[in-house]
Amino acid sequence: MSDEMQPTVTSPISLERRNSLEKAIQSRPEAQELKEKHILLSTNAAPALQAHQQELQRQKLTDSLNKAIATRPVKDELIERNILPDSTAAPSLQNHQRELAAAMRRDSIEKHLQTRPSPAELIKGGILEANENPLDGA
């Protein structure tokens, strides 16, 4: 016998399987592409430590979020600072409520402007002097 290994005779099924595996290996994505798709971890840690590293990162994020939640202001403070609306209406109706309040303010201002006394009436009532011009800014 020679020192070289003789190719073994294989069945056609194993040849098909080998060709199939070779095609799969050739079309396999690169490690960098798998890291970009978050399939492989992009870390320098040993594979045995990667799970522990992930758990530590998750715990750090959990601690950070818990701290942020603990220091967030209460609802009453947000209402006082005009961040949240002071409304008992359902959230889906609050926008309509704000629009209605603004329309009511516009109507009220318009009504007051329509009933506003003229400069002649103000002079007659002694509120303005005859030489005063209410339209001057000074």
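A few points about this structure:
- When the alpha carbon gyration tensor of the chain is reduced to an equivalent ellipsoid, its three semi-axes come out at 84, 23, 17 angstrom, largest first.
- Added length on full extension, which subtracts the Cα-Cα distance from 0.36 nm per residue, residue 107 to residue 89: 4.2 nm
- Rounded to the nearest 20 debye, the dipole size of the chain about its Cα centre is 360 debye, using +1 on the Cβ of Lys and Arg and -1 on the Cβ of Asp and Glu.
- Dipole axis of the chain (+1 Lys, Arg; -1 Asp, Glu on Cβ), positive-most option in 125, 101, 47: 47
- Once the Cα atoms are used to define both axes, helix 12-26 deviates from the longest principal axis of the chain by about 40 degrees.
- Taking 47, 119, 73 as the candidate residues, the one with maximal mean-square fluctuation in a Gaussian network model of the chain, Cα springs under 10 Å, is 119.
- Compared with the dominant Cα axis of the chain, that is its longest principal axis, helix 91-114 is turned about 20°.
- Net lengthening on full extension, residue 132/residue 65 (0.36 nm per residue, minus Cα-Cα): 17.7 nm
- Principal-axis tilt of helix 47-71 within the chain, Cα atoms, nearest 10 degrees: 10
Read-outs throughout are calculated quantities, based only on the coordinates presented, and are distinct from any laboratory measurement. Nothing here was measured: the structure is a model prediction, and the numbers come from that model. Here the Cβ is made from the backbone with ideal geometry for all residues, glycine too, and neighbour counts use every protein chain on show.
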